[in-house]
Amino acid sequence: MHVLRHDGLTLSLDCGLYQGRREESRQLNQQFPVRPGELGMVLLSHAHIDHSGRLPGLVKHGFGGRIFATPPTCDLCGVLLPDSAHIQEEDARFWNEKRATDGGRIQPLYTVEDARATMPHFESISYNTQFRLGSDCWATFIEAGHILGSGMVILEINRNGRSRRILFTGDAGRFQVPILKDPTEPLPECDYLITECTYADRRHENPTDMKERLCRIITETRRGGGKVIIPAFSVGRTQTIIYFLIQLFMEGRLEEVPVFVDSPLSTAATEVFARHPECYDREALQTWGREGDLFGRSGPVRYITEVDESKALNDMREPCVILAASGMCEAGRILHHLKNHVANEKDTICIVGFMAQHTLGRRIVERREELRIFGRTYPLLARVEILNGFSAHADVDDFRRLYTPLAGRLKRAFVVHGEQKQPPAMRALLQELGCRDVVIPSPGDRFSI
Ligand SMILES: [Zn+2]
């Protein structure tokens, strides 16, 4: 959450939820860098919770302004913010039950009701359309290529006849990721850059190789009579995998198998994806043109929202593919599927995303001999496959490509949204590309430009 003040205008770039250790997160997520009632507007780069997840808290504490975002971001927030609120409520309930004896009850950060009350504040603005924020202040969203609806924000501020341009990346996407358009290229010239740096120190595998490996894994598992279980995040990862499967079926390279998306959130997110073909790249549009159904909703993919149907999957004997949330295997329906399949050597657990330390997902990645699920121990006998090329974040090569035409003319760059190693890596890259003034700000730092 970056607050900008100009000529009586106070606006925020994003308003994300800090996700980390519980106590620390609670502290951080309850504080705002500015009084919510004082804030006139929020410009939201994309719907991921670490960028949007504090908006209901902002509204709960008196924010009365507008939230500008692209149309798909508005739609995705309509799905993700109530879900985040539900998690907050469950977490508070769990905590209060556990600590009931020593008092210290906590309130959820915000409720589903607060999330619903946030939605009327949203105002959708199409890509590449300049809109007015104040007397001398304008903004435009340009394609970021990160998730559906993701935008970089260009702010143009005029003062005493001089114009200043600030580019805020939100999360920068990758070139050639499936379904989505590439990030805008070349990026418009600007004076100041506020850039994320999540993978500024890394190089990703190629997404097209992931399609080939997926094909091989499913073919082999099916031949052995097993099922493929894929823990996947609901927004982006699930749709990419489904898209690859649909393509593989169409190309005749993968014999059709039943595919189940077992998650109400993934189902709702896929509906949003299906509503926004204007965001697809050329290849996805061609597939869409031929199929009319990029995500197999009229077959061969079954989207499961009801618990009974989810349970019925346990009794299926024939080979199939099951995608379920949550992505890191910490909660949700994926746990039931893992419980039923980790000890079966015919089955395959296919890991397609980052697994944080101390999660069940990480223990699967490490191929531990035994796993604890719902308080019971199971031997890990299923085959484990790890596909690392699905990231939706720019890597060092993408950043180099994006910033090469830009860096030499920047007055200053601010490096944000990193942990320990990434900000210095991004600073080194920007300096190498010719930007002399690179700052790594800490929370609460202020700057005049
Ligand atoms: Zn993101």
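No value in this document is a laboratory result; all are computed from the given coordinates. Quantities reported herein were computed from a predicted structural model and do not represent experimental measurements. Neighbour counts run over all protein chains shown; Cβ positions are idealised from the backbone, glycine included.
General observations
- The 3J(HN,Hα) values that the Karplus relation (6.51, -1.76, 1.60; θ = phi - 60°) gives for segment 413-420 are, in residue order, 10, 10, 9, 10, 6, x, 9, 7 Hz. Gly and Pro appear as x.
- Using R0 = 22 Å, the C-beta based FRET efficiency linking R132 and R162 works out to 0.75.
- Between R376 and T208, residue separation times 0.36 nm minus the direct Cα-Cα distance comes to 56.7 nm.
- Spacing of the two label points (7 Å from each Cα toward its C-beta) at E291 and R401, in nm: 2.4 nm
- Straight-distance crosslink candidates among aspartates and glutamates, where the alpha carbon sits under 16 Å from K98 and sequence neighbours closer than 8 are dropped: E23, E89, E90
- Sorted by Cβ neighbour density within 10 Å, fewest at the top, the residues V34, V301: V34, V301
- Here I386 and R5 are evaluated by their C-beta separation; at R0 = 60 Å the FRET efficiency comes out at 0.85.
- Label-point separation in nm, D445 to R66, each point 7 Å along Cα→Cβ: 3.2 nm
- Model label sites at R412 and Q431, defined 7 Å from Cα along the beta-carbon direction, differ in position by 1.8 nm.
- Karplus 3J(HN,Hα) series, Hz, for segment 197-204 with 6.51 cos²θ - 1.76 cosθ + 1.60 (x for Gly, Pro): 8, 3, 10, 5, 10, 9, 10, 7
- Computed extension length for E90-Q31: 19.1 nm, one decimal, from 0.36 nm per residue of separation with the Cα-Cα distance subtracted.
- Links that overshoot a 30 Å alpha carbon limit, given the list K60/K339; K181/K311; K60/K411; K211/K339: K60/K339; K181/K311; K60/K411
- Hydrophobic long helices, here whole DSSP H runs in the chain with Kyte-Doolittle means of at least 0.0 and Cα atoms spread over 18 Å or more along the helix axis, are found at 237-250.
- Mean Cα-pair separation over length for the chain, i.e. relative contact order, pairs under 8 Å, 6 or more apart, %: 14 percent
- Residue with peak Gaussian network fluctuation, the chain [Cα springs, cutoff 10 Å], from M250, M152, M328: M250
- Residues of type lysines that K346 reaches as a straight line, Cα spacing below 19 Å, ignoring anything fewer than 8 places off in the same chain: K227
- With both residues required to sit in the chain, DSSP beta bridges show an antiparallel share near 40%.
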